[in-house]
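What follows is one structure encoded as structure tokens, with my remarks underneath.
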Amino acid sequence: MVKGHWSIVIGHWSLVFSLKPIETEQIIFGHFSKNSGQVSYLCFLNSVLMHEAVVKSKQESVNHSSIFLRYDKSIRDLFAIVSEAKKGVNAKAFFDMVSVSGIDKNKMAGLMNVSLKTLLRYKQQNKKLSATKSERVLKLLALYKKGNEVFGDTNAFRRWLEKPAYGLNSMTPIELMHTSGGIDLIQEELTRIEFGDVA
């Protein structure tokens with residue numbers, strides 16, 4: 001990982017990037033100049049940062065795939081989800097779902113109508129969620145798995161969730177994630193997109 005600070009001054013704006021060891025607290029101020037060599041160096045810096053972003057994205061994709069695989073039998077269809085939800089899923093499933101969704105843990109706990117403190121305690125005590133909450137977690141895992149398949153990667157699906165969808169009454173899909181029925185509506189919209197309908 002690139003460390004430390006590098007500052008580029010463009011007009012009145014200053015952008016600070018990591019470069020030199022932080023302990024030196026050395027800030028280098030540069031201007032875009034063909035003679036100074038800053039352009040070449042900035043191209044190199046940009047390349048490094050882009051590489052790190054690609055590596056992070058690939059690692060995240062692998063992590064998400066392993067989570068989907070872990071719950072594959074539990075989320076393969078609605079019958080499987082209902083069956084598993086009746087038995088209750090371990091609270092750890094909530095945190096796996098948070099990892100896949102990229103949504104803040106507190107916000108996701110709010111969507112589940114439960115406090116994060118309670119979920120953390122359940123996880124620590126290896127307790128299971130109620131049937132209702134288990135169903136919501138499994139449906140969301142299935143939703144993100146489907147979204148990943150339809151859009152090609154989780155990040156693209158996350159962006160779609162934030163945009164008004166024609167097939168959802170022009171509501172943003174994420175607004176509908178508060179209820180089990182809303183998640184079903186998003187799943188139906190994903191199926192329409194998968195078969196060629198306009199998103």
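The values are calculated or read from the model by the stated rules, or taken from the named source; none is laboratory data. All figures in this text were calculated on a predicted structure; none of them were measured in a lab. Every residue, glycine among them, receives a Cβ derived from its backbone with ideal geometry; neighbour counts consider all protein chains shown.
Conditions (1) of a type outside the set (A, V, I, L, M, F, W, C); (2) under 21 Å from the mean Cα position of the chain (by Cα), marked per residue:
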{"site": "Tyr122", "(1), (2)": "yes, no"}
{"site": "Lys128", "(1), (2)": "yes, no"}
{"site": "Lys133", "(1), (2)": "yes, yes"}
{"site": "Val137", "(1), (2)": "no, yes"}
{"site": "Thr154", "(1), (2)": "yes, yes"}
{"site": "Ala165", "(1), (2)": "no, yes"}
{"site": "His178", "(1), (2)": "yes, yes"}
{"site": "Leu190", "(1), (2)": "no, yes"}
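Could you tell me whether the range 170-182 includes any residue that is among the aliphatic types (A, V, I, L, M) and surrounded by fewer than 17 Cβ atoms within 10 Å (Cβ to Cβ)? Checked the range 170-182: at least one residue is among the aliphatic types (A, V, I, L, M) and surrounded by fewer than 17 Cβ atoms within 10 Å (Cβ to Cβ).
Just the residues that are of a type in the set (D, E, K, R) and either modelled with pLDDT under 95 or closer than 21 Å to Leu185 by Cβ (or both), please, taken from the range 106-161.
Residues of the range 106-161 that are of a type in the set (D, E, K, R), as a first pass: 107, 117, 121, 123, 127-128, 133, 135-136, 139, 145-146, 149, 153, 158-159.
Across the range 106-161, the qualifying residues are Lys107, Lys133, Glu135, Arg136, Lys139, Lys145, Lys146, Glu149, Asp153, Arg158, Arg159.
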